[in-house]
Amino acid sequence: MGSFRLMYRSRNRIPVDERKAELGDLFTGARRFNKEAGISGALLLHGETFVQLLEGDESAVRSLYSRIETDPRHDEVELLEARDVDDAVFRRWAMARVGDEGEADIRLIAHADGVHPAAPKGTTPEQDAVLEEMRAAVRARA
Ligand SMILES: Cc1cc2nc3c(=O)[nH]c(=O)nc-3n(C[C@H](O)[C@H](O)[C@H](O)COP(=O)(O)O)c2cc1C
């Protein structure tokens, strides 16, 4: 089933001591809204960098993105990709948390030269390809 995919990169502006609580709230709110709006995706957190993939109906995704863009919890929001795709690859996640911390749904391991996948388990080849694009976007800025 066709879908629309949007990916952006931004810089986390949440003060370090507020991050854990603030990100918990952010994921709770995002999952609640996205599920309702038929949007799925993944949010990668690494250091000060966010890379988010949003997928679903184009108008729903674009309108959510315009809201996210103005969120003061991040800045330097750069659109990386916006196009039709054959299928939403993260359909089972209203918003998967991708990162190197304990709470991640999809674990990455931090290396000196960037982030690499932990033992690839529980993800499909299509998801792995998109995750590699997201990691490349982190490395491109690091
Ligand atoms: C990095 C980042 C990713 C976000 N992702 C989502 C998301 O996937 N879905 C969502 O509803 N809100 C997301 N938000 C929160 C929105 O920016 C916004 O705060 C939320 O939708 C509530 O909007 P409102 O205050 O206009 O009601 C994200 C915020 C940030 C900083």
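The values are calculated or read from the model by the stated rules, or taken from the named source; none is laboratory data. Fair warning: this is a prediction, and the values are worked out from it, not measured in the lab. A quick note on method: Cβ atoms are made from the backbone with ideal geometry, for glycine too, and the neighbour counts reach across all protein chains shown. Surface areas here come from the heavy atoms of the whole protein model, side chains and all, with no ligands, DNA or RNA. Shrake-Rupley method; radii C 1.70, N 1.55, O 1.52, S 1.80 Å.
Tabulated data for the structure shown
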read-out: Inter-label distance for VAL16 and GLU69, nm, one decimal - labels placed 7 Å from Cα along Cα-to-Cβ; value: 3.2
read-out: Accessible area of ILE68 in the full protein assembly, 1.4 Å probe (Å², nearest 10); value: 30
read-out: Protection-proxy order for peptides 1-10, 43-52, each taking the mean of Cβ atoms within 10 Å per residue, highest first; value: 43-52, 1-10
read-out: With DNA, RNA and ligands ignored, accessible area of ASP71 (1.4 Å probe; Å², nearest 10); value: 40
read-out: Computed lengthening from ARG139 to ASP105, 0.36 nm per intervening residue step minus Cα-Cα distance; value: 10.2 nm
read-out: Within region 16-82: Cβ-based charge dipole about Cα centre, in debye rounded to nearest 20 (Lys, Arg +1; Asp, Glu -1); value: 360
read-out: Relative contact order %, the chain, counting alpha carbon pairs below 8 Å whose residues are six or more apart; value: 32
read-out: The chain: DSSP helices with Cα axial extent of at least 20 Å and average Kyte-Doolittle hydropathy no lower than 1.0; value: none
read-out: Size of electric dipole in region 3-141: Cβ of Lys, Arg +1 and of Asp, Glu -1, about Cα centre, debye, nearest 20; value: 220
read-out: The chain: C-alpha gyration tensor shape, a/c 1.5 cut-off, then a/b vs b/c; value: rounded
read-out: Computed lengthening from THR28 to GLU81, 0.36 nm per intervening residue step minus Cα-Cα distance; value: 16.6 nm
